[in-house]
Every structure is written in C-alpha cells, then in structure tokens.
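Scroll down for the structure; my scribbles are underneath it.
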Amino acid sequence: MLPRSIWLVGLLTALAGCGSSGSSASCAVDRGELPSWATTGFSEPHPRIAHVVGDAGRITAILFREPLRAERPGEQLNKVLWVSKDPQQPLSDLKIRARSGDTVLDRTVPGGPGPSTVDLPKGCWELTLTWSGRTDHLNLQYR
C-alpha cells in the first residue's frame, strides 16, 4: 500500500490536466508524430506537429497555430486541419458541438473534415464531432 502522501501527490498530478469548465476534460496537445493515416499532404515521412486525436481514434485535429487563440470579433485566428481516418461521404459537413461549462456553441466545416478556421472563446472546450455517419470527441484549449 502506498503511503498517503504519495497517493495524494499522484491524485493532484492527475487532476492538474483537468480543464476549468468543471469537467474532467484534459486539453493536452500532442506535439509528436502524427498518426500514419493523418500524414497525406506532408512532405516528411513522419511529420511532427501539434495535434489532438479523437477519443475513438476516428479524427485528428492538426493545429497550425498552437496554442489556439480565443476568438475576437471580426478575426479568424486558428487554422485547424481535420483529418478523418476513414473515407468520408462527399459534401457531408463536419458538425462541431463545443461545450465549456454551461456554454454550448455549434460550428460547421462545410464539405466535411479538411482545412478550417475554428475559433472559440477562451477555455477548455469539449468537442463532439459528427461527419459522414461518424462521431468522435476531443478537447481543445483556447487561450
């Protein structure tokens, strides 16, 4: 059995990644190698770039600005490339439902996963993504 102080330090370390939305969401970004299925269009064989893979592994958000910036009226700040692991139906929009605390916002990427500008207010956002009959979830932090 672990001493109580070691157990408490472990618990606090685990909680440190949680968002401020009152949920247990982690808004961690992977800055390592992209999954092999998300590398089309990159000249390097094993590209390393900021990205977040969906919980079910069906989609990746590749972040061309990291950290993402909170939206400001009239400005589009954050280029995100959405890559679906599986083939998608043509012209099937990517629908995004973003939740942070009690706030829920909807965004759409016309034509489905691909290049986009997804701007949200400051916070850790839990995203539910739907496209071509598929669904996945991931979290993004806006500062």
Kindly indicate the residue of the stretch 118-143 that is in a strand (DSSP E or B) and of a type in the set (A, V, I, L, M, F, W, C) and also surrounded by the most Cβ atoms within 10 Å (Cβ to Cβ) among those meeting that condition.
-> W125
Do we find a residue being charged (D, E, K, R), modelled with pLDDT of 50 or more and surrounded by fewer than 12 Cβ atoms within 10 Å (Cβ to Cβ) anywhere in the stretch 8-31?
-> yes
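Please determine, by comparing only the residues of the stretch 85-111 that are in contact (Cβ under 8 Å) with a residue 60 or more places away in the chain and in contact with a Gly (Cβ under 6 Å, 6 or more places away or on another chain), which one is farthest from H51 (Cα to Cα).
Here the answer is G101.
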Any residue in the stretch 69-80 that is crowded, with 17+ Cβ neighbours inside 10 Å, within 20 Å of D30 (Cβ to Cβ), of a type outside the set (D, E) and at pLDDT 95 or above?
-> yes
Could you tell me whether any residue of the stretch 25-36 is touching a Gly at 6+ places or on another chain (Cβ under 8 Å), outside any loop (DSSP other than H, G, I, E, B) and either small (G, A, S) or touching a residue at least 40 places away in the same chain (Cβ under 8 Å) (or both)?
-> yes
Filter result for V104 (aliphatic (A, V, I, L, M), surrounded by fewer than 15 Cβ atoms within 10 Å (Cβ to Cβ) and in contact with a Lys or Arg (Cβ under 9 Å, 6 or more places away or on another chain)) = yes
Looking at the stretch 121-128, is at least one residue hydrophobic (A, V, I, L, M, F, W, C), touching a residue at least 12 places away in the same chain (Cβ under 8 Å) and touching a Gly at 6+ places or on another chain (Cβ under 7 Å)?
-> yes
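The values are calculated or read from the model by the stated rules, or taken from the named source; none is laboratory data. What you see is a predicted model; the values in this text were computed from it and never measured. Quick reminder, even Gly has a Cβ in these numbers, built from the backbone with ideal geometry, and neighbours come from all protein chains shown.
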